[in-house]
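Note sheet for the following structure.
The values are calculated or read from the model by the stated rules, or taken from the named source; none is laboratory data. Here the structure is a predicted model, which means the values were calculated and not measured. Don't worry about glycine lacking a Cβ; one is built from the backbone with ideal geometry, like all the others, and counts go over all protein chains shown.
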Amino acid sequence: MAGFLAGVTVVVHFAALIYIGFGGFLAWRWPKAIIPHLFLAAWGVAVNVFPIPCPLTAAEDYFRGLQGLGPLPGGFNAYYIYGTLIPDHLLGLATVIALTCLVVSYAGAFVFWRRRRAGTTEDAPPPAQARLG
């Protein structure tokens with residue numbers, strides 16, 4: 001069971017990282033989606049800049065410990081992403097792309113928010129329409 005829970009924690013961790021990277025784009029359609037995204041993005045920056053433990057990494061380490069395994073060497077990012085998913089020589093480029101996605105998503109969310117407040121909808125995403133027939 002601990003192995004299953006560790007695996008679920010890994011999936012949730014990757015989902016959180018994807019949401020941190022691209023969740024700002026959801027606010028283009030659903031403006032209130034920016035609120036949880038701001039929190040998670042700030043948390044993601046904080047755990048990478050300051051010595052704050054990530055609760056998802058701590059949970060995975062706990063479940064690994066129940067299996068007789070040690071904690072993730074270097075943490076989640078170092079174990080699963082750096083040098084594995086993203087080659088070491090592309091980490092700088094990946095960082096620039098991630099930050100660009102974040103800035104573009106927030107800028108777009110702001111533009112759509114202002115247009116909605118002003119009452120204009122040109123260039124806004126079209127509303128979902130039900131198909132009859």
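Could you grab me the full set of residues in segment 30-76 that are among the polar types (S, T, N, Q), modelled with pLDDT of 90 or more and outside any loop (DSSP other than H, G, I, E, B)? Scanning segment 30-76 gives a single hit, 57.
Taken over segment 53-79, the residue count meeting the criterion of being surrounded by fewer than 18 Cβ atoms within 10 Å (Cβ to Cβ), within 18 Å of the chain's Cα centre (by Cα) and aromatic (Phe, Trp, Tyr) is 1. Do we have any residue at all in segment 92-110 that's touching a Ser or Thr at 6+ places or on another chain (Cβ under 6 Å) and either at pLDDT 90 or above or surrounded by 15 or more Cβ atoms within 10 Å (Cβ to Cβ) (or both)? There is no residue in segment 92-110 that is touching a Ser or Thr at 6+ places or on another chain (Cβ under 6 Å) and either at pLDDT 90 or above or surrounded by 15 or more Cβ atoms within 10 Å (Cβ to Cβ) (or both).
If I go through segment 1-21 residue by residue, how many of them are out of contact with any helix residue (DSSP H, G or I) (no Cβ under 7 Å at 6 or more places or on another chain), assigned to a helix (DSSP H, G or I) and either surrounded by 17 or more Cβ atoms within 10 Å (Cβ to Cβ) or not aromatic (Phe, Trp, Tyr) (or both)?
Filtering segment 1-21 for residues out of contact with any helix residue (DSSP H, G or I) (no Cβ under 7 Å at 6 or more places or on another chain) gives 1, 3-4, 7-8, 11, 14-15, 17-18.
Pick out the ones that are also assigned to a helix (DSSP H, G or I) and you get 3-4, 7-8, 11, 14-15, 17-18.
When the remaining residues are screened for being either surrounded by 17 or more Cβ atoms within 10 Å (Cβ to Cβ) or not aromatic (Phe, Trp, Tyr) (or both), the result is 3, 7-8, 11, 15, 17-18.
Qualifying residue count for the region: 7.
Scanning segment 22-52 for residues that are surrounded by fewer than 14 Cβ atoms within 10 Å (Cβ to Cβ), of a type in the set (A, V, I, L, M) and over 16 Å from residue 98 (Cα atoms) yields 35, 52.
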